[in-house]
Amino acid sequence: MAQGTNPGDTPEFQAALVEVLPHLRAFSRSLTRRRDQADDLVNDAVVHALSAAGQFQPGTNFKAWMFTILRNLYYNEGRKNRSIVSLDD
């Protein structure tokens, strides 16, 4: 790969991302139980994956990598919201 090229711009990466989207939506809905929050979470996961595409190791499980990103974003958001609630008490 040429120096300075974003791995997220490769056709392989983008095809893998499109292929995993329905699975991410289903997983996100199981976590959030709300369609609007699930869609926002998937969007955030895709943005994060595109910005961190250089960290993905080709030949490893792309779907698992994406699920980990989505799950971690969900947990981080929960922690953030819990701390906001705690301050209000």
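The values are calculated or read from the model by the stated rules, or taken from the named source; none is laboratory data. As the structure is a prediction and not an experimental result, all values here were calculated from the model. Here Cβ is always computed from backbone atoms with ideal geometry, including for glycine, and neighbour counts include all displayed protein chains. Note: accessible area is taken over every heavy atom of the protein model, side chains too, but ligands, DNA and RNA are not part of it. Shrake-Rupley method; radii C 1.70, N 1.55, O 1.52, S 1.80 Å.
For residue 19, the criteria (1) open to solvent by less than 90 Å² (accessible area, probe 1.4 Å); (2) at pLDDT 95 or above hold in every case but one, which is (1).
When the stretch 56-77 is filtered for residues that are of a type in the set (D, E, K, R) and closer than 14 Å to residue 38 by Cα, the ones remaining, listed by number, are 71, 77. The single condition among (1) at pLDDT below 95; (2) exposed (fewer than 15 other Cβ atoms within 10 Å of the Cβ) that residue 7 does not satisfy is (2).
Taking the stretch 26-50 as the range and being in a helix (DSSP H, G or I), farther than 23 Å from residue 7 by Cα, open to solvent by 20 Å² or more (accessible area, probe 1.4 Å) and not aromatic (Phe, Trp, Tyr) as the test, the residues that pass are 26, 29, 30, 31, 32, 35, 36, 37, 39, 40. Listed conditions (1) at pLDDT below 95; (2) in contact with a His (Cβ under 9 Å, 6 or more places away or on another chain); (3) not hydroxyl-bearing (Ser, Thr, Tyr) are all met by residue 69, apart from (1).
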